[in-house]
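Here is the structure we will look at, set down as structure tokens.
The values are calculated or read from the model by the stated rules, or taken from the named source; none is laboratory data. Quick caveat: nothing in here was measured; it's all calculated off a predicted structure. Reconstructed Cβ throughout: ideal geometry from the backbone, glycine too, with neighbour counts over all protein chains shown. These accessible areas exclude ligands, DNA and RNA; they are computed on the full protein's heavy atoms, side chains included. Shrake-Rupley method; radii C 1.70, N 1.55, O 1.52, S 1.80 Å.
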Amino acid sequence: MSQNNVIIFDTTLRDGEQSPGASMTRDEKLRIARQLEKMRVDVIEAGFAIASQGDFEAVKAIADTIKDSTVCSLSRALDADIDRAGEALANANSGRIHTFIATSPIHMKYKLQMQPDQVVENAVRAVKRARSLVADVEFSLEDASRSELDFMCRIIEAVIDAGAGTINIPDTVGYAVPQEFGHTISQLLNRIPNADKAIFSVHCHNDLGLAVANSLSAVAAGARQVECTVNGLGERAGNASLEEIVMALRTRKDVMGLETRIDTTQIVPASRLVSSITGFPVQPNKAIVGANAFAHESGIHQDGVLKHRETYEIMTAESVGWNTNRMVLGKLSGRNAFRTRMEELGTTFSSDAELNDAFARFKRFGR
Ligand code: KIV
Ligand code: ZN
């Protein structure tokens, strides 16, 4: 895989399902997984195998079916979790165990009630156990953005030595800001002696609306996997949105110099499928997949787009799977858009006066 490729790890079926009210059945998850595979997502996090019998069955069904994407199960750094994940992934063409433990002082003290040394010991044991079941192991430092840099360096060096091929740096609580988060990634890459033996990944939550910006800052600093979800679904305010990450990298390749394997024309079908299955509507002004993302109503914009699309569009609607851009006729619309739509509907005007008269009547209705 080229140095310029960013691995897209989709966690709609795991972190996305952690949105209150977004739970999905095994068959619904399988339908989404098929669409993610069609979209050429690199890694599908199918669930948390030990969480419930339903989760186990969903991860297993996806691992048994999906051939072109890696299928992953989450597990805490506990033997039983790791074994259950391994069991669910047994038939996967390409399976990954994703194990995690919290590394911030606040989580270690109050949640885990463990000393830092014990956390390192548990992490190393978990990675070794996962590696005894699958070749592809990811390790996450939960609450990394509130963890101490020296401690992160220490635990990451140890888990890479133990066999983790991907190191994920989550902004679990959506606390990071872009410049700081990118700097953390650079420091980790520069300071950890065996950092070149693993791919660094990020997983950002959107509590301050910065999940996509933080992820992009991290890839600019050298991260080469981004964890994200369709429509930005996820715990609390959600995760970094897959469609925004992918289209930002594609549209601003001139600045970022990076690419993904995603078939972007499958983005809107994936968005619609996730929305219809979870019952979570997509806001109309949502970037890329919102109903208004490629709609123009003001006369100045409509006129510009009709003359030359790129005046007001930085990517095409078709490139992300919409049929076309949309001219919405309303009180702000202009004569050019009105005439174009009337012509599409089969009405042509024999003179400018006739067009002006019809346009004036239309504007009276548009108020
Ligand atoms: O937000 C988070 O820290 C997570 C980890 C389990 C990766 O979802
Ligand atoms: Zn998360």
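General observations
- Among the candidates Ile82, Ile7, residue that is more than 16 Å from ligand 2 (Cβ to nearest atom), within 24 Å of Ile245 (Cα to Cα) and open to solvent by less than 30 Å² (accessible area, probe 1.4 Å): Ile7
- For the criterion of being assigned to a helix (DSSP H, G or I), open to solvent by less than 50 Å² (accessible area, probe 1.4 Å) and more than 30 Å from Met1 (Cβ to Cβ), Ser319 fails.
- Scanning region 294-311 for residues that are in contact with a strand residue (DSSP E or B) (Cβ under 7 Å, 6 or more places away or on another chain), hydrophobic (A, V, I, L, M, F, W, C), assigned to a loop (DSSP other than H, G, I, E, B) and buried (at least 16 other Cβ atoms within 10 Å of the Cβ) turns up at least one hit.
- Per-region count, region 215-268, residues away from ligand 1 (no atom under 16 Å from the Cβ), in contact with a strand residue (DSSP E or B) (Cβ under 7 Å, 6 or more places away or on another chain) and polar (S, T, N, Q): 2
Condition check ((1) within 20 Å of Glu227 (Cβ to Cβ); (2) more than 19 Å from the chain's Cα centre (by Cα)) across all residues:
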site	(1), (2)
Gln3	yes, yes
Phe9	yes, no
Lys29	yes, no
Leu36	yes, no
Ile44	yes, no
Asp55	yes, yes
Asp64	no, yes
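- Index of the failed condition, Ala211 passing every other in (1) without any contact (Cβ under 8 Å) to a residue 40 or more places away in the chain; (2) surrounded by 23 or more Cβ atoms within 10 Å (Cβ to Cβ): (1)
- Evaluation of Ala22 against (1) of a type outside the set (Phe, Trp, Tyr); (2) open to solvent by less than 10 Å² (accessible area, probe 1.4 Å); (3) within 16 Å of ligand 2 (Cβ to nearest atom); (4) within 16 Å of Leu74 (Cα to Cα) (one fails), failing number: (4)
- Restricting region 322-353 to residues that are part of a helix (DSSP H, G or I) and within 39 Å of the chain's Cα centre (by Cα) leaves a set whose member that is surrounded by the most Cβ atoms within 10 Å (Cβ to Cβ) is Ala337.
- Test result for Gln283, out of contact with any strand residue (DSSP E or B) (no Cβ under 6 Å at 6 or more places or on another chain) and either at pLDDT below 95 or away from ligand 1 (no atom under 16 Å from the Cβ) (or both): yes
- For region 157-183, the set of residues classified as among the hydrophobic types (A, V, I, L, M, F, W, C) and within 15 Å of ligand 2 (Cβ to nearest atom) consists of Ile169, Val173, Ala176, Phe181, listed by residue number.
- Among the residues of region 190-202, at least one is modelled with pLDDT of 95 or more, in contact with a Ser or Thr (Cβ under 7 Å, 6 or more places away or on another chain), within 11 Å of Ser145 (Cβ to Cβ) and assigned to a strand (DSSP E or B).
- Subset of region 231-263 (residues that are part of a helix (DSSP H, G or I), away from ligand 2 (no atom under 16 Å from the Cβ) and either of a type in the set (Asp, Glu) or open to solvent by 10 Å² or more (accessible area, probe 1.4 Å) (or both)): Glu243, Glu244, Ala248, Arg250, Thr251, Lys253, Asp254, Val255, Met256
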